[in-house]
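Laboratory data are not the source of any read-out in this text; all were calculated from the coordinates shown. Note that the structure is a prediction, hence the values are computed from the model and not measured. So basically every Cβ, Gly included, is an ideal-geometry build from the backbone, and we count neighbours across all protein chains shown.
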Amino acid sequence: MMAIIASMSSAIEQAAIAIAWVLITVFPFLPETLPEHPESLMIVVGFGGQFLFAMRFIIQWITSEGVKRSVIPVVFWYFSIGGGSVLLLYAIWRQDPVIIAGQGLGLFIYFRNLIFIHREKKDQTPS
């Protein structure tokens, strides 16, 4: 299993290097050494995942404040999937089995909740 994770990590790092080359081509003000340090780009990716993951709680909080009761809007699950996916990518790159397991299980739960929500909406739609 660790060999698979290591292989995936290497592929992610190679993709980060390719993206770094594109970035310095499109944005010439970026440092030319960016492709030599893919960890810099991956840290930005990790923080991006954390931002998406945090946004789900901010949206839930704002929505709940608006109706003065605890609610979980559908967009909560989409931000969960976005943040969880990016964090899973980052965890694979870091080869961290603890975060991989946590985000992998979380993604399953988020998708499953969306299936329930969409199934319920479909059942409530008049035929």
For Q95, distant residues with modelled amide H under 5 Å away: none
Spread of Cα-to-Cα distances over 5 Å intervals beginning at zero, given as percent, for segment 1-62: 4, 16, 17, 18, 15, 12, 10, 7, 1
Span from the segment 70-114 Cα centroid across to the segment 8-69 one, whole angstrom: 15 Å
Dimensions in Å of segment 27-89 - Rg and Dmax from alpha carbons: 16.3, 51
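Rounded to two decimal places and with Rh computed the Kirkwood way over Cα pairs, what is Rg over Rh for the chain?
Rg/Rh: 1.11.
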Given charges at Cβ of Lys, Arg, Asp, Glu: segment 1-110 dipole, positive-most of L41, A6, I58: I58
Segment W61-D123, extension gain: residue separation times 0.36 nm, minus the distance between their alpha carbons: 19.5 nm
Dipole magnitude of the chain, debye to nearest 20 (Cβ charges: Lys/Arg +1, Asp/Glu -1, about Cα centre): 740 debye
Listed residues F108, F29, G84: farthest to the positive end of the dipole of the chain (Cβ charges): F108
